[in-house]
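Worksheet for the structure shown next.
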Amino acid sequence: MLIVVMGVSGSGKTSVGQLLAEELNLPFFDADDFHPASNREKMAKGIPLNDEDRWPWLQILADLLLVQEKGKGAVLACSALKESYRSFMGQSVLSSINWVLLEGSKDLIMQRMQERTGHFMPPSLLDSQFQTLERPDYAFHISIEKSLKKIVEEIIIQMNATIQNSIGLIGLGVMGGNLALNFRDKGVKIAVYNRQTPTEVDVAKKFEAKHQVAGFDDLPAFVASLASPRKILLMVNAGKPVDDVLSHLLPLLQRGDVIMDGGNSYYNDTTERSKALEAQGILYLGVGVSGGEEGARKGPAIMPGGSKDAYALMAPFFDLVAAKDSNNKPCSAYIGPDGAGHFVKMVHNGIEYAEMQILAETYAVMRNLMDLAPQKIAEILDQWKHEGEGSFLLEITRDIMLKKEGEDLLLDKIVDAAEQKGTGSWTIKASLELGIPINTIADAVTARVLSSMKPYRVKANAQYASVLNKEKKHEITTATLKSAFKAARLINHITGFEMIKYASDEFNWGLNLGDIARVWTNGCIIRSVLMEQLSTLLTTESQLLLAPQVVKELTETQASLAMVAAQSLQNGLAVPVYTSALNYFLSCITANSAANLIQAQRDYFGAHRYKRVDQDQNLYFHTQWV
């Protein structure tokens, strides 16, 4: 509990604060004790302090509150006359500060100032104190025309009745519920709300009863329980549900309140919402959250984008609940303006799609072409992990290879029709809008779509059985497959970061690729040893494909990638992402491609014109071909 007893000089802040701290068993601090000597001398001479004098002092107080928050709290007596001072003092702490404003007439306070002795603040400065005072509506307003004991009793009564929550969370699905518990476990006072529907009855109240978190099924009551400025995290489905919640929420908010969309919204939607809410004085963040159920509960990777002012208010909370990287730094960072946070989360999911497909294709090569048993596949994946290819997805794939139901492998009982939630297709859509190739991600999404066409594939299989039922002939070894696996994964990551870089340049976002990769080193689904390596590499290299380390790696592994792709196809085994990774790589390193023929064709049938290699590259030419 952090309490600041505020008011003009002579209002009794020190006396009230000392007794209040004693009653609540909290340490007490007097802000006047932290003034530098120069400030004391200035005030003793009857010269009012200016903001330049106060900022170093306020920084000391802000640091003090941050330290005391890590204990059981404190009571601080401080004038805190301006809103800017109060905002500055509270910007680093996670708990909501309880502000207590002591109020009285100027005559009464002047009388008290004249009666006290040995204080450096002379009565002559009282007028400047009242002129500077900006009364906060959110404070507990306490009249000083009572006994000291009665004043402290009234403060405690008001605080017990209205102690407010630091963060509100809307939507108690898997991610929302686990994030709420993550906040709770880190000591953040949180309130939760869930809508009432025929299939969702008293969800928040049941959550409250089970987890000791303030639960609300009434939206106005939920908003009223939050400390100002209100900070509300939406964990609802993308699209219309977000707009529906906003339409009901906005009439209940005030200027300066913060709304965060923690779902997988499309980045352009986030940009539009951010601008619309900014016009109403509401701060907005599009927050990418990755890590699934376990990440939300124990520490996700967090990618906030949008209002910098909103991020400044939320950064301490995000840092507290996020996963930690190898240097114990939070896997959370301000990504950029507008919809940058959701854009980066979208690309993260695209990389994830392709990473999963690469592992699926690797499994298919091992089991269907190399004829390896699941137990052996698990052993190989475990070996790869210890040889520098470790990742969260590789580890769970190894575990899946070992999971049995009775005597049977559970995997063999799962229908081979992969589903998706849309972020993969959004990545493709964005890549087309930006004009940036993302071969591996696009083919991974297409592979899922094809997998969902199970009845069609079964019929086609019967018609073309002769194409597939041939003797398997290949020269693929475990070492070759591992080398191809490394190449495909590296190329997949290159395409993702190239897309982020291109968007950053296109939208003037100023994204930090190295920091984004660092955020992805823990908590998120695509965390891996490779990501840790890239997070370091991207601090000095902006184009991964051209980095010397990457050139060396792909020069050594591309032949294995080509061999695995070619021999898989020759044996009737589809490996779309292995193949697209190779095609992307070869296309990138081809200086003179066959695209000149395409330009000739376009000019032939549509007079679209072309450039010449032997002429100024700003000039266009047209030919009458026949």
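The values are calculated or read from the model by the stated rules, or taken from the named source; none is laboratory data. What you are looking at is a predicted structure, and each value in this text was computed from that prediction instead of being measured. Every residue, glycine among them, receives a Cβ derived from its backbone with ideal geometry; neighbour counts consider all protein chains shown. Heavy atoms of the whole protein, side chains included, go into the accessibility calculation; ligands, DNA and RNA do not. Shrake-Rupley method; radii C 1.70, N 1.55, O 1.52, S 1.80 Å.
Worth pointing out:
- Under Karplus coefficients 6.51, -1.76 and 1.60, residue-wise ³J(HN,Hα) of the stretch 493-501 in Hz, glycine/proline x: 5, 4, 4, x, 6, 5, 5, 5, 4
- When only alpha carbons are used to place a centre, the stretch 537-584 and the stretch 241-286 end up 41 Å from one another.
- Taking the C-alpha atoms only, the angle from helix 439-452 to the longest principal axis of the chain is near 80 degrees.
- Cα shape, the stretch 215-309, gyration tensor, a/c 1.5 rule: oblate
- Net +/- balance of residues flanking residue 495 in space, Cβ distance below 14 Å, scoring K and R +1, D and E -1: -2
- Cα lying deepest toward the dipole's positive end in the stretch 306-447, options 440, 393, 424, charges on Cβ: 424
- For the stretch 20-27, backbone phi angles converted through the Karplus equation (6.51, -1.76, 1.60; θ = phi - 60°) give residue-by-residue couplings of 4, 4, 5, 5, 9, 6, 10, x Hz, Gly and Pro being listed as x.
- Look at the alpha carbon pairs under 8 Å that are at least 6 residues apart: their mean separation over the length of the stretch 376-435 gives a relative contact order of 22 percent.
- Whether the stretch 48-156 is rounded, prolate or oblate, judged on the alpha carbon gyration tensor where a/c under 1.5 counts as rounded: oblate
- Which label in (i) 26.9; (ii) 28.5; (iii) 30.7 gives the computed Kirkwood radius over Cα pairs in Å: (ii)
- Counting only protein heavy atoms and a probe of 1.4 Å, the accessible surface of the chain is 52% carbon and sulfur.
- Residue-normalised accessible area of the chain, given per residue in Å² at a 1.4 Å probe: 48
- Length gained on full extension, residue 375 to residue 143: 76.0 nm, using 0.36 nm per residue less the C-alpha separation.
- Dipole magnitude for the chain: about 620 debye, using +1 per Lys or Arg Cβ and -1 per Asp or Glu Cβ, origin at the Cα centre.
- Look at where the Cα atoms of the stretch 499-528 and of the stretch 308-325 average out, and the two centres are 17 Å apart.
- Rounded if a/c under 1.5, otherwise prolate or oblate - the stretch 267-355, Cα gyration tensor axes: oblate
- Positive dipole terminus of the chain, leading residue within 574, 226, 8 (C-beta point charges): 574
- Put the Cα centre of the stretch 592-626 next to the Cα centre of the stretch 55-70 and the gap is 67 Å.
- Under a model in which nothing but the beta-carbon of Lys, Arg (+1) and Asp, Glu (-1) is charged, the stretch 34-90 shows a dipole of about 180 debye around its Cα centre.
- Relative contact order of the chain, taken over Cα pairs closer than 8 Å and 6 or more residues apart, is 10 percent.
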